[in-house]
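For reference, the structure discussed in these notes is given below.
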Amino acid sequence: MQKLLLAIDRISTWVGQAFSWLIVVLTFLISWEVFSRYALDNPHPWAFDVMSMLYGSVFMMAGAYTLSKNGHVRGDVLYGFFPPRLQAGLDLLLYFLFFIPGVVALAWAGYNYAADSWAINEHSNITANGPPVYPFKTIIPLAGAFLLAQGLVEIVRCIVCLQQGAWPPRGHDVEEVDVEKLKEMVHVKDEDIAKLDELVVHPKENQK
């Protein structure tokens, strides 16, 4: 069971990381459009639509990835103090009350939107000769499907936690900087940092 959960985690992670490269594409597109508009006096009417679609794709396809890392924003003022079983019980209740119905509705409505868009070869009408919209609308049911699959994994994790009293492990991902390890690498001690802080906070007193 744990192998299956981690396998779906890896799929969500791969999808999220793959679509994150659109940020690089978006950065180059914005930079080129600014240069073209102001330096070459040659703006592209379709650029804004494409930028919105790229950012929307990244945002939606990152949902399952973020859920697999337990990274979505939550009201953690009281939740963090609860024992694991109580946390799992609350999560399980909220998954069935809100998450599953909402994501199923997203995937179903998104499928209909995408199907209609493909059927009429829909293009953006905000500008003349707007870019095609149907690839972007196809992202909606795809994002819903990945999010639903990851949500089912999280429901299983809640059930396991209720049975065992502890949350099952998750896959490793990019970690924050290890401050202690960084201090060892640059040969800095806590007392050195304290002395530096003292010089910054009370510079005149240390000069006497």
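The values are calculated or read from the model by the stated rules, or taken from the named source; none is laboratory data. Computed from a predicted structure; not experimentally measured. FYI the Cβ positions are ideal-geometry reconstructions off the backbone, even for glycines, and counts take in every protein chain you see.
Annotations
- Looking only at the range 111-159, residues that are farther than 26 Å from Met1 by Cβ, of a type in the set (Gly, Ala, Ser) and surrounded by 20 or more Cβ atoms within 10 Å (Cβ to Cβ) come to 1 in all.
- Here is the figure for the range 6-18: residues that are of a type in the set (Gly, Ala, Ser) and in contact (Cβ under 8 Å) with a residue 60 or more places away in the chain total 1.
- Taking the range 10-58 as the range and being hydroxyl-bearing (Ser, Thr, Tyr) and closer than 30 Å to Leu147 by Cα as the test, the residues that pass are Ser12, Thr13, Ser20, Thr27, Ser52, Tyr55, Ser57.
- Meets criteria (assigned by TED's automatic domain parsing to the domain that holds Ile159, closer than 26 Å to Ala128 by Cα and among the basic types (Lys, Arg)) for Arg85: no
- Single residue of the range 141-171 satisfying the filter (small (Gly, Ala, Ser) and part of a helix (DSSP H, G or I)) that is nearest to Ala109 (Cα to Cα): Gly144
For every residue, the table says whether it meets (1) modelled with pLDDT of 90 or more; (2) touching a helix residue (DSSP H, G or I) at 6+ places or on another chain (Cβ under 9 Å); (3) farther than 30 Å from Thr127 by Cα.
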residue	(1), (2), (3)
Trp14	yes, yes, yes
Ile23	yes, yes, no
Phe35	yes, no, no
Asp41	no, no, no
Ala47	no, yes, no
Ser57	yes, yes, no
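- Every residue from the range 19-64 that is within 23 Å of Asn129 (Cβ to Cβ), without any contact (Cβ under 8 Å) to a residue 24 or more places away in the chain, of a type outside the set (Phe, Trp, Tyr) and not in a loop (DSSP other than H, G, I, E, B): Ile30, Ser31, Glu33, Val34, Ser36, Arg37, Ala47, Ser52
- Index of the failed condition, Pro132 passing every other in (1) touching a His at 6+ places or on another chain (Cβ under 6 Å); (2) at pLDDT below 90: (2)
- Boolean, Leu142 is at pLDDT 75 or above and either within 26 Å of Phe98 (Cα to Cα) or outside the structural domain of Ile11 (by TED's automatic domain parsing) (or both): yes
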